[in-house]
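Participant: Pasting a structure below so you can have a look.
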Amino acid sequence: MKGYPKQYPLDRQTLFGINTMGLMSTTAYYLYTAVLMMFITDYSGIYSGVPGKAAAVATTLLFVGRLWDAVNDLWTGYLIDISPRTRWGKFKPYVLIGSLLAGILGMMLFHIPQNFSNFGKEVYLYVVYFLFMFAATIIVTVPLTSTMSADQEVRAKLISWPRITSNIVGVVFAFFMAIATYLGTKRNPNIPLTVDLIVIPFLILSLIGIVMVKEGPVTEEAKPPRLRDIGQMIKINHPFRINLYFTFVGGFVWALLTATSLYYIKYAFGVKNLGTQSMYFGLLTLITLVAGTLISQKAMQYISAIRGVQWCYLAMAPFLVIMFIINEIHVIDNPWVFYLIIGIVMTIAGAQFVPANLIIMETMDYNRLKLNAGMEATINAVNMFLQKLQSGLATIGVGAALLIVGYNAQTLEKATHVPDNLLQSLGVVLFAIPAVFSFLAYLIARHYPLQGAARDEMYAALAAKRVTNTQSSKSK
């Protein structure tokens, strides 16, 4: 292709690898955020016929599991940071092993032995789910990407194109219930087989991509962190702390959207239409995330990453408020009204991905300047900790909404009328709470310190430090 950049990390081999190496990580994310809870409550067979029991099991499992896994992220990230750099790099071996294990365990998660007792099924779910989330934890693609370049425009390309490629997974999951229904029945979709058919090809593509990626040299001069450096990082790295605050608060918007939408769609638009409507919603998710990513990649040429994040948080809130008001007046039973407004919110959320990841990399760079240790895996682990904690708390929100109305999937699927209080309870979790969190995150993000001249000074100091280190190495 004429004009195609040849230099690393924008060469063909690296771009192909970086575009595919995270596919298994994305698949794992969709499995535990978009499919697993509904599988347990509606189709796993656990405590079938006992009102609210399956919902309670799913809520407890996903919250406790993600909380444990979130804590597990922290020590895992530190262990990765202090591990020696191998001939393949520091992060690449973990990405490879984590992807392989996540694929195998992800399939096992949906193959619950039906001859087990209900308690036995719970134990099986806990063990496999904990191991699955641990495997997903060590797929450290962001730290690996951060080693390839310190330039914001190059990093934006390295982040945005994999984001777009990962939406191939989103396309497939858009058809998930339709495929599962085709392989089974409308009342009993074959979810386990559908999971297998999705996981296997994406796992293979991920492994090929990982092999093709070469870890970069940006972090080679940094020393391995000491345990006390974690405390120093929290104390000294002010950008990291502020990023944690607004990421934690703002992350609930997407966590609640993904955790609640399928339930709302299922009962607002009709149980019999779930396969078709979930496909529409999945395609909408794909289109909006791709559009948002392309918009933000272009925007990063003109504005700073933090400005992009601030605008996104501020822009989502009014649309979510509008949806909440409409749902309180009359349940949104028209799919096109729902998709139009939620599509705007999701486009804005998609536009936030690139600048949000650039900010994470900025905090790694700041750490490298102040402590001479990027601590990439530790910082990534803390951000993963927040995502999983958000996801777990979002599950509690959905579970609470279901428990309040005595949710029983078998009863509701046979009902001629779905109670409005179910959809209004879901509306609070899906629209109102995310609107509040979005605005609060905007207010917090305004206090991020690496803006304007402060950011330029940091990168100038890093460049000078790199020159000094190079000259010192040559003099030895």
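Residues are listed down the side, and each one gets a yes or a no for (1) surrounded by fewer than 21 Cβ atoms within 10 Å (Cβ to Cβ); (2) small (Gly, Ala, Ser); (3) without any contact (Cβ under 8 Å) to a residue 40 or more places away in the chain; (4) within 24 Å of Arg187 (Cα to Cα):
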| position | (1), (2), (3), (4) |
| --- | --- |
| Tyr30 | no, no, no, yes |
| Ser48 | yes, yes, no, yes |
| Val71 | yes, no, no, no |
| Ile82 | yes, no, no, no |
| Leu96 | yes, no, no, no |
| Met108 | yes, no, yes, yes |
| Tyr129 | no, no, no, no |
| Phe134 | yes, no, no, no |
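Participant: Taking Thr293 as the residue in question, decide whether it is touching a residue at least 60 places away in the same chain (Cβ under 8 Å) and surrounded by 22 or more Cβ atoms within 10 Å (Cβ to Cβ).
Facilitator: Criteria met by Thr293.
Conditions tested, residue by residue: (1) charged (D, E, K, R); (2) in contact with an Asp or Glu (Cβ under 9 Å, 6 or more places away or on another chain).
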| site | (1), (2) |
| --- | --- |
| Ser296 | no, no |
| Ala299 | no, no |
| Tyr302 | no, no |
| Phe324 | no, no |
| Val331 | no, yes |
| Val345 | no, no |
| Ile359 | no, no |
| Arg368 | yes, yes |
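Participant: Can you tell which of Val142, Val123, Val171 is assigned to a helix (DSSP H, G or I) and without any contact (Cβ under 8 Å) to a residue 24 or more places away in the chain?
Facilitator: Going through Val142, Val123, Val171 in turn, just one is assigned to a helix (DSSP H, G or I) and without any contact (Cβ under 8 Å) to a residue 24 or more places away in the chain: Val123.
For every residue, the table says whether it meets (1) more than 30 Å from Asp456 (Cα to Cα); (2) not acidic (Asp, Glu).
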residue	(1), (2)
Leu96	yes, yes
Glu122	yes, no
Val140	no, yes
Ser149	no, yes
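Participant: Do you know which of the residues in region 22-73 that are assigned to a loop (DSSP other than H, G, I, E, B) and among the β-branched types (Val, Ile, Thr) is nearest to the chain's Cα centre (by Cα)?
Facilitator: Out of the qualifying residues, it is Ile46.
Participant: Test each condition in (1) surrounded by 17 or more Cβ atoms within 10 Å (Cβ to Cβ); (2) out of contact with any helix residue (DSSP H, G or I) (no Cβ under 8 Å at 6 or more places or on another chain); (3) basic (Lys, Arg) for Arg87 and report the one that comes out false.
Facilitator: It fails just one condition, (1).
A quick yes/no check of all residues on (1) crowded, with 18+ Cβ neighbours inside 10 Å; (2) among the aromatic types (Phe, Trp, Tyr); (3) under 18 Å from Gly106 (Cα atoms):
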| site | (1), (2), (3) |
| --- | --- |
| Val140 | yes, no, yes |
| Leu158 | yes, no, no |
| Arg163 | yes, no, no |
| Lys186 | no, no, no |
| Gly209 | yes, no, no |
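Participant: Here's another thing I want to ask about it. Which residue pairs have Cβ atoms under 9 Å apart, sit 6 or more places apart or on different chains, and have a first residue in region 344-361 that is more than 20 Å from Ile242 (Cβ to Cβ) and a second that is assigned to a helix (DSSP H, G or I) and among the charged types (D, E, K, R)?
Facilitator: Partner pairs satisfying both residue conditions: Gly350/Arg163.
Participant: What single numbered condition from (1) closer than 17 Å to Asn383 by Cα; (2) crowded, with 20+ Cβ neighbours inside 10 Å; (3) at pLDDT below 85; (4) of a type outside the set (A, V, I, L, M) fails to hold for Gly22?
Facilitator: Of everything listed in (1) closer than 17 Å to Asn383 by Cα; (2) crowded, with 20+ Cβ neighbours inside 10 Å; (3) at pLDDT below 85; (4) of a type outside the set (A, V, I, L, M), Gly22 misses just condition (3).
Participant: Next question, about the same structure. Please find, among Ala259, Ala291, Ala255, the residue that is part of a helix (DSSP H, G or I), at pLDDT 85 or above and of a type in the set (Gly, Ala, Ser). First the steps, then the outcome.
Facilitator: On the way: Ala259 fails: at pLDDT 85 or above; Ala255 fails: at pLDDT 85 or above.
Just a single option satisfies the conditions, and that option is Ala291.
Participant: With the requirement that a residue be in contact with a helix residue (DSSP H, G or I) (Cβ under 9 Å, 6 or more places away or on another chain), within 19 Å of Arg466 (Cα to Cα) and outside any helix (DSSP H, G or I), what does region 148-168 give you?
Facilitator: Met148, Ser149, Ala150
Participant: Another one. Could you list, in sequence order, the residues of region 346-369 that are of a type in the set (A, V, I, L, M), over 11 Å from Gln152 (Cα atoms) and either modelled with pLDDT under 90 or in contact with a Leu (Cβ under 8 Å, 6 or more places away or on another chain) (or both)?
Facilitator: Met346, Ala349, Ile360, Met364, Leu369
Participant: Can you find even one residue in region 453-474 that is modelled with pLDDT under 75, surrounded by fewer than 20 Cβ atoms within 10 Å (Cβ to Cβ), in contact with a helix residue (DSSP H, G or I) (Cβ under 7 Å, 6 or more places away or on another chain) and part of a helix (DSSP H, G or I)?
Facilitator: No, every residue in region 453-474 fails to be modelled with pLDDT under 75, surrounded by fewer than 20 Cβ atoms within 10 Å (Cβ to Cβ), in contact with a helix residue (DSSP H, G or I) (Cβ under 7 Å, 6 or more places away or on another chain) and part of a helix (DSSP H, G or I).
Participant: May I ask you to say which residue of Lys223, Lys235, Lys272 is outside any helix (DSSP H, G or I), surrounded by fewer than 16 Cβ atoms within 10 Å (Cβ to Cβ) and at pLDDT below 90?
Facilitator: Lys223 is the lone residue from the list that is outside any helix (DSSP H, G or I), surrounded by fewer than 16 Cβ atoms within 10 Å (Cβ to Cβ) and at pLDDT below 90.
Participant: So is Tyr182 free of Cβ contacts under 8 Å to residues at least 12 places away in the same chain and either under 27 Å from Leu262 (Cα atoms) or buried (at least 17 other Cβ atoms within 10 Å of the Cβ) (or both) or not?
Facilitator: Details: free of Cβ contacts under 8 Å to residues at least 12 places away in the same chain: yes; either under 27 Å from Leu262 (Cα atoms) or buried (at least 17 other Cβ atoms within 10 Å of the Cβ) (or both): yes.
Yes, satisfied.
Participant: Output the residues belonging to region 303-344 that are under 26 Å from the mean Cα position of the chain (by Cα), surrounded by fewer than 17 Cβ atoms within 10 Å (Cβ to Cβ) and either at pLDDT below 90 or not in a helix (DSSP H, G or I) (or both).
Facilitator: Answer for region 303-344, where residues must be under 26 Å from the mean Cα position of the chain (by Cα), surrounded by fewer than 17 Cβ atoms within 10 Å (Cβ to Cβ) and either at pLDDT below 90 or not in a helix (DSSP H, G or I) (or both): just Ile303.
Participant: Hey, another quick one. Please determine whether any residue of region 98-109 is of a type outside the set (S, T, N, Q) and assigned to a loop (DSSP other than H, G, I, E, B).
Facilitator: no
Participant: Inside region 174-190, can you point out the residues that are under 22 Å from the mean Cα position of the chain (by Cα) and part of a helix (DSSP H, G or I)?
Facilitator: Of the residues in region 174-190, the ones under 22 Å from the mean Cα position of the chain (by Cα) are 174-177.
Within region 174-190, Ala174, Phe176, Met177 qualify.
The values are calculated or read from the model by the stated rules, or taken from the named source; none is laboratory data. Just so it is clear, the structure is predicted and the values come from calculations on it, not from any experiment. Cβ: placed from backbone, ideal geometry, glycine included. Neighbour counts: every protein chain shown.
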